[in-house]
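Peer 1: Provided herewith is a single structure, encoded as structure tokens, for subsequent inquiry.
Read the figures in this text as sums done on the coordinates, not as results from a lab. For clarity, every value in this text was computed on a predicted model and none was experimentally measured. Don't worry about glycine lacking a Cβ; one is built from the backbone with ideal geometry, like all the others, and counts go over all protein chains shown.
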Amino acid sequence: MTKRYDVTALGEVLIDFTENGSSAQGNPMYEANPGGAPCNVLAMLQKFGHKTAFLGKVGEDIFGRRLEKVLKETGIDTAGLCTDPAVRTTLAFVEKKADGDRDFSFYRNPGADMMLREDEVNTDIIKQSRVLHFGTLSMTHDGVEKATVKAIKTAEDSGLLLSFDPNLRSPLWDSMNRAKQKIDYGCSVSDIVKIETDELRFLTGCDDTD
């Protein structure tokens, strides 16, 4: 059976404010970039000629409208993107460390991405996909976790491949034990896991990379 989408991703789409030089007064200037790990994956897939769709939520504000516009311009299907007038689009401020790593400060208490409800998940889009991609940021809170599990169950029942990115962001978890449980769950249901060294150390408790 021919599917409409190669990959559908569920999760966060947000604005990354990244430091980009200084003002004439010597203050750091931040550039508003569209971001969110699941959407970054879809944007790259679109560049390689694949058909993609996104499931998530933004606020009915200037950043939410900007993100929806960017997704459409990138070619990502936004039929599964919800908007919420009662909550703001999630923001993240990003600074580069001396070693090249990044430090994140999130404005997400709450943020629109974590307010996606189970009944807002467009299961028809999932059923028309070959792969469902997701991460742990859509499992940090009970409501959006239920939405994520619904999407996963739909994907399993429809025979999709499941792709998972732990994308561990410690400040967004009220408990690192919960974070580990959700990463364990994501790994257990997935065919593909995109994981980095620090996440492997956290998951296994082992410092020996080999």
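Peer 1: Can you give the relative contact order of the range 6-71 as a percent, counting alpha carbon pairs under 8 Å and 6+ residues apart?
Peer 2: Details: 94 pairs, mean separation 26.5, N = 66.
Once divided by the residue count of the range 6-71, the mean separation gives 40 percent.
Peer 1: Which value, in debye to the nearest 20, gives the size of the charge dipole of the range 10-166 about its Cα centre, when Lys and Arg are +1 and Asp and Glu are -1 at the Cβ? Working shown, then result.
Peer 2: Working: 18 positive and 24 negative charges, 73 e Å.
For this selection, approximately 360 debye.
Peer 1: Which value, in debye to the nearest 20, gives the size of the charge dipole of the range 116-210 about its Cα centre, when Lys and Arg are +1 and Asp and Glu are -1 at the Cβ?
Peer 2: Details: 12 positive and 18 negative charges, 53 e Å.
Value, rounded to 20: 260 debye.
Peer 1: How long is the gain from ASP101 to ASP142 if the chain were fully straight, where each residue apart is worth 0.36 nm and the alpha carbon distance is subtracted? Present the calculation step by step, with values, prior to reporting the outcome.
Peer 2: On the way: separation 41, 0.36 × 41 = 14.76 nm, distance 2.99 nm.
Using 0.36 nm per residue and subtracting the Cα-Cα distance, I get 11.8 nm.
Peer 1: Taking only C-alpha pairs under 8 Å that are 6+ residues apart, what is the relative contact order of the range 16-134 in percent?
Peer 2: On the way: 178 pairs, mean separation 28.0, N = 119.
Here the relative contact order equals 24 percent.
Peer 1: To the nearest 0.05, what FRET efficiency results for GLU156 and SER23 with a Förster distance of 45 Å applied to their C-beta separation? Present the calculation step by step, with values, prior to reporting the outcome.
Peer 2: Numbers: r = 51 Å, r/R0 = 1.13.
My answer for the efficiency is 0.35.
Peer 1: If I compute Rg and Dmax of the Cα atoms in Å from the structure I just sent, which labelled value in (i) 17.1, 60; (ii) 19.0, 62; (iii) 19.1, 57 lines up?
Peer 2: Read-out taken from this structure: (i).
Peer 1: With a cap of 13 neighbouring Cβ atoms within 10 Å, and only residues DSSP puts in a loop, list the chymotrypsin sites (Phe, Trp or Tyr not before Pro) found in the range 13-103. Write down the numbers at each step before the final one.
Peer 2: Numbers: sites: PHE17, TYR30, PHE48, PHE54, PHE63, PHE93; in loops: PHE48.
Answer in residue order: PHE48.
Peer 1: Considering only PHE106, SER138, PHE48, whose Cα is most displaced toward the positive end of the charge dipole of the range 1-153, charges sitting on Cβ of Lys, Arg (+1) and Asp, Glu (-1)?
Peer 2: PHE48
Peer 1: Then there's this: Dividing the Cα radius of gyration by the Kirkwood radius, what Rg/Rh value follows for the range 37-138? Before the final figure, lay out the partial values.
Peer 2: Details: Rg = 14.5 Å, Rh = 14.7 Å.
Using only Cα positions, Rg/Rh for the range 37-138 is 0.98.
Peer 1: When the chain is fully extended, how far beyond the present Cα-Cα distance does MET1 get from ASN177, taking 0.36 nm per residue of separation? Could the numbers behind the result be given before it?
Peer 2: On the way: separation 176, 0.36 × 176 = 63.36 nm, distance 4.09 nm.
Extending this stretch completely gives an extra 59.3 nm.
Peer 1: Relative contact order (percent) for the chain, with alpha-carbon contacts under 8 angstrom and 6 or more residues of separation?
Peer 2: Values: 427 pairs, mean separation 40.1, N = 210.
Computed over the chain, the figure is 19 percent.
Peer 1: Fully extended, how many nm does the chain gain between THR123 and ILE192 (0.36 nm per residue separation, minus their Cα-Cα distance)?
Peer 2: Length gained between THR123 and ILE192: 22.8 nm.
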